[in-house]
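Asks: The structure under discussion is supplied below as structure tokens; questions concerning it will follow.
The values are calculated or read from the model by the stated rules, or taken from the named source; none is laboratory data. The structure presented is a predicted model; accordingly, all values stated were derived computationally and were not measured. Please note: Cβ atoms are built from the backbone with ideal geometry, for glycine as well, and neighbour counts cover all protein chains shown.
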């Protein structure tokens, strides 16, 4: 076992603290990664605070990871020592179910192995990227293109793929009208990616406070949902709406913005139910859908797409001792648009 420095949550109510955690020995198909940067995702906060159910403490979170391969197992063929790589929200799957065999291991029917708070193949609880090193089976490690700024690459492994996947699946592109609900960590990536795909992009945010940013990042239009006139002006307008917020919104009002055969896709994960009235869907043959992360193949496709189009998250770099303050700022929407931890400060 390898003992490494990390930050962990002792409980649902206490701040994260410096600690050490154990990483398994490098197996024949494993790679050891020295972590350079780890993104802070709202999911990290939901998890450590027990919003989505009980977890085993102490817990180290973090599923937006980039670093350098420092050791490879004897049977590894996909990665070499010195490679710049990334790890996202999952580190394994059953490899046997119909979804895994079709390349959709993110939707593994037995449940993929999450990067943290999940039962690993040896029966231990997985620990995430707020640490100096991680050991991952080679098939779940991504190649990070050199053209993506190193410190900004980590959030692509969650925020990037979480928004790329539905935009790709529902065929956002030239001639389509896409609305992005929320202008945060996920939302700003959805704007950049949808714009690069060629769609006409509209941001729907509570206020106009981030309008300048939204237009700069690629939005064609920006509306405040706090203004009731917005829902009259934009009725039946969009082919695709990506809802990125992790809080309750009026789903029926937003569904009314869909054109015939349009789809509203939820990628945010609020802890409370989202009520939907049947007539909000029936009236326009509309669809209400959900989308998680992407497969490993699609995630690599996303990284290559972002490299090709010069896309990277807008980030604020913090040291390990700033994690708890960063959490509070995420909860108060005081970040533009993603915190990234310098992993060298875990040492």
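Asks: Of all the strands (runs of 3 or more DSSP E) wholly in segment 47-142, which have at least 2 residues that are in contact with a strand residue (DSSP E or B) (Cβ under 6 Å, 6 or more places away or on another chain), assigned by TED's automatic domain parsing to the domain that holds residue 331 and free of Cβ contacts under 8 Å to residues at least 60 places away in the same chain?
Replies: 65-72, 90-92
Asks: Report the residue count in segment 175-212 for those that are under 22 Å from the mean Cα position of the chain (by Cα), assigned to a strand (DSSP E or B) and farther than 18 Å from residue 247 by Cα.
Replies: Qualifying residue count for the region: 3.
Asks: Continuing with the same structure: Evaluate segment 201-212: report whether one residue or more is under 21 Å from residue 267 (Cα atoms) and surrounded by fewer than 21 Cβ atoms within 10 Å (Cβ to Cβ).
Replies: Taking every residue of segment 201-212 in turn, at least one turns out to be under 21 Å from residue 267 (Cα atoms) and surrounded by fewer than 21 Cβ atoms within 10 Å (Cβ to Cβ).
Asks: Just for helices (runs of 4 or more DSSP H) wholly inside segment 236-347: which have at least 1 residues that are on the phi < 0 side of the Ramachandran plot, outside the structural domain of residue 172 (by TED's automatic domain parsing) and touching a strand residue (DSSP E or B) at 6+ places or on another chain (Cβ under 6 Å)?
Replies: Qualifying helices (runs of 4 or more DSSP H): 296-309, 323-331.
Asks: Something else about it: May I ask you to list pairs of residues, at least six apart or on different chains, whose Cβ atoms are under 9 Å apart, with the first in segment 204-222 being at positive phi and the second being surrounded by 15 or more Cβ atoms within 10 Å (Cβ to Cβ)?
Replies: These pairs meet every condition: 218/191; 218/192; 218/193; 218/194; 218/195; 218/196; 218/201.
Asks: Then there is this: Considering only residues that are modelled with pLDDT of 95 or more and surrounded by fewer than 16 Cβ atoms within 10 Å (Cβ to Cβ), look in segment 27-55 and name the one that is farthest from residue 119 (Cα to Cα).
Replies: In this case the residue turns out to be 34.
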